[in-house]
Amino acid sequence: MPKHYRPAGKKKEGNAARYSTRSQALKLLQVNTKLFRKLCIYKGIFPREPKKKFKGNHHTYYHLKDVAFLRHDPILEELRAKSTYLKKVTKAKAKKNRELADSLLKRQPEIKLDRLVIERYPHFIDAIRDLDDPLTMVHLFAALPATDRMKIEVKRVHNCRKLSHEWQAYIARTHKLRKVFISVKGIYYQAEVEGQKITWLTPHGLQQVLPDDDVVYDVLLTFLEFYETLLAFVNFKLYHSINVKYPPILDPKLEASAAELYALSRYLDANSRNSDQVEETQLEESELRLAQLQHQLPSNEAGALMQLVKGAADENEEDEDTKECKNFFKNMKFFLSREVPRESLLFVIPAFGGIVSWEGEGAPFNEADQSITHQIVDRPTQGHIYLSREYVQPQWVFDCINARIILPTESYLVRRELKLSMGFCVYRLLLSEPEILCLLTFRVPPPHLSPFIDNEEEGYVPDYAETIKRLKAAAKNEILPMPGAGVEDLDDPQNLLAEGYISRAEAIEAAERKQKMMTLEKQYHDELKMEVQVTRSSASDTNKQSSGEDMEAREESLPDIQQIANDTANMSKVLMSRKKRGLYEAMKKGQEKKKAHVDLLKERKKKIDEGKKSKKN
């Protein structure tokens with residue numbers, strides 16, 4: 001009998017014992033493919049890739065422990081019961097008994113996924129870390145139209161919209177938003193909650209077209225069902241962390257005027273004020289108790305107790321980023337024209353400490369308010385132009401947020417008058433109100449740079465990024481070298497004196513210090529030269545017997561450094577395994593592709609500069 005002979009039906013070994021194909025899993029669980037897919041989505045089980053695919057490459061493999069995990073879960077029986085119940089509905093519809101079918105649909109069992117959320121995310125930080133996809137999915141379905149053909153219900157769309165607004169209201173209230181970027185796909189946001197960076201994508205506020213062929217809506221709706229439950233848990237926890245009741249109760253007038261986000265912000269402000277008053281009362285009571293306890297405790301224990309209370313208070317303080325974002329748009333009032341993306345700006349501006357209003361019902365103030373500092377417009381004509389405010393495009397708000405500095409509005413202004421062919425401007429100056437009736441022209445704004453890209457790592461820094469860097473340095477009173485100058489030019493005291501950065505006494509002191517350092521550096525170099533000469537003289541004494549021909553032969557036999565480097569690289573490449581060699585070659589191709597892209601950008605920039613110069617000439 002051969003050594004590795006195994007009779008039929010005996011225990012399997014290797015990958016065959018650890019993995020099973022999807023058909024084997026369906027047979028083991030006694031479910032169909034649709035139900036198995038829904039089970040895997042609910043439980044968070046994904047296909048695996050074994051090293052050796054024992055059934056071939058055309059099969060999908062699952063870990064046998066995952067299949068057993070599904071087999072013993074109570075939700076399997078609930079899904080089976082629901083599928084059996086839906087068969088009754090189908091049977092009633094087939095018999096054209098519409099009343100029975102409707103009554104069965106109203107009484108169909110609902111599957112609650114609360115237990116699965118707690119099982120998959122035992123700690124709150126785990127749920128926060130996994131929020132990128134749920135937020136993107138919920139914001140997507142909040143913007144989709146409800147259709148019976150795709151099984152997208154009106155109730156589900158309203159629930160997604162409610163959850164998304166609750167999340168945005170919390171982020172805006174706690175000032176946790178960090179980055180915003182507008183792309184063709186939509187608007188990218190990044191927030192920092194509980195020390196975790198969360199990035200999600202929201203679609204533009206346009207009419208969405210649902211494709212028929214490429215998208216499987218049943219799978220998306222199954223994911224959405226779990227994500228809705230998860231996001232409701234997260235919102236509940238976050239709202240209670242700031243002492244606000246959940247779910248919030250909104251103003252029906254603001255809800256009717258499609259201002260749910262503003263209504264949520266008002267609800268959060270009102271509840272947080274009440275909670276602050278309660279906390280102040282509790283703090284006064286605790287201080288009184290501590291003062292009474294200090295007479296009863298020994299001196300060292302009282303000090304330790306006060307230190308403990310102080311440490312607990314320090315933990316509740318805001319971090320530096322949150323403080324900066326909270327006061328970023330401080331003392332600024334914005335008014336949104338009706339053509340700008342209102343929902344995005346209503347979320348972004350309050351998240352950075354600004355006050356915002358819009359044109360419509362439920363707005364906190366109207367357009368005629370004289371305290372407005374900036375009006376966001378996105379069209380070339382305006383009815384009235386107020387001289388007391390700046391008219392900027394929406395990109396200015398997002399660029400300021402990403403740069404963390406209030407950028408100059410000159411490049412984003414839309415306040416220039418349009419000259420007609422007869423050589424005059426159309427305007428009307430009203431004496432009662434400081435406003436002008438005129439036509440506006442749009443300036444082409446600067447490029448909208450992505451805050452998610454590291455320009456230094458990519459190898460290409462746009463001109464506007466350099467401009468923003470210099471503006472940030474000027475705001476922090478830092479000194480940067482001018483274009484074409486090195487950092488060493490800043491070390492010269494005469495240059496700093498000429499630029500006005502230091503006084504004459506400081507310049508004299510810096511010059512003396514620099515002269516002393518140069519003297520010490522020269523002395524150090526002289527000592528090094530003397531040591532090198534001594535070693536060379538001793539080496540020449542020991543090698544006097546060697547002939548000149550041998551020296552020439554050695555010089556000729558010195559290998560090329562570049563050749564040595566190439567040979568070493570080739571040798572290390574030969575010694576690599578096939579997998580590592582493939583990864584190395586892919587990495588090299590990626591570097592070459594990145595370099596080619598950077599060269600293309602530089603070539604385009606060069607052509608644009610040449611075109612501008614030719615136009616000026």
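The values are calculated or read from the model by the stated rules, or taken from the named source; none is laboratory data. In this text the structure is predicted, and so the values were computed from the model without any measurement. All Cβ positions, even for glycine, are placed from backbone atoms using ideal geometry, and neighbour counts span all protein chains on display. Side chains included, ligands, DNA and RNA excluded: accessible areas come from the protein's heavy atoms. Shrake-Rupley method; radii C 1.70, N 1.55, O 1.52, S 1.80 Å.
When segment 382-398 is filtered for residues that are open to solvent by 10 Å² or more (accessible area, probe 1.4 Å) and under 26 Å from A465 (Cα atoms), the ones remaining, listed by number, are E390, Q393, P394, Q395. Checked against the criterion of being assigned to a helix (DSSP H, G or I) and modelled with pLDDT of 80 or more, the candidates E343, E367, E301 yield just one match: E343. Does L583 satisfy the criteria of being assigned to a helix (DSSP H, G or I) and touching a Pro at 6+ places or on another chain (Cβ under 9 Å)? So L583 does not fit the description; no.
For the residues R379, R338, the requirement of being touching a residue at least 40 places away in the same chain (Cβ under 8 Å) and open to solvent by 30 Å² or more (accessible area, probe 1.4 Å) singles out R379. Among all positions in segment 573-592, there is at least one residue which is under 27 Å from E458 (Cβ atoms), of a type outside the set (A, V, I, L, M, F, W, C) and modelled with pLDDT under 80. For segment 51-77, a residue qualifies if it is of a type outside the set (D, E, K, R), in contact with a helix residue (DSSP H, G or I) (Cβ under 9 Å, 6 or more places away or on another chain) and within 14 Å of Q24 (Cβ to Cβ), and the qualifying residues are F54, H59, T60, Y61, Y62, H63, L64, V67, A68, L70.
Here A94 passes the criteria (1) open to solvent by 70 Å² or more (accessible area, probe 1.4 Å); (2) aliphatic (A, V, I, L, M); (3) within 39 Å of the chain's Cα centre (by Cα) except the one numbered (3).
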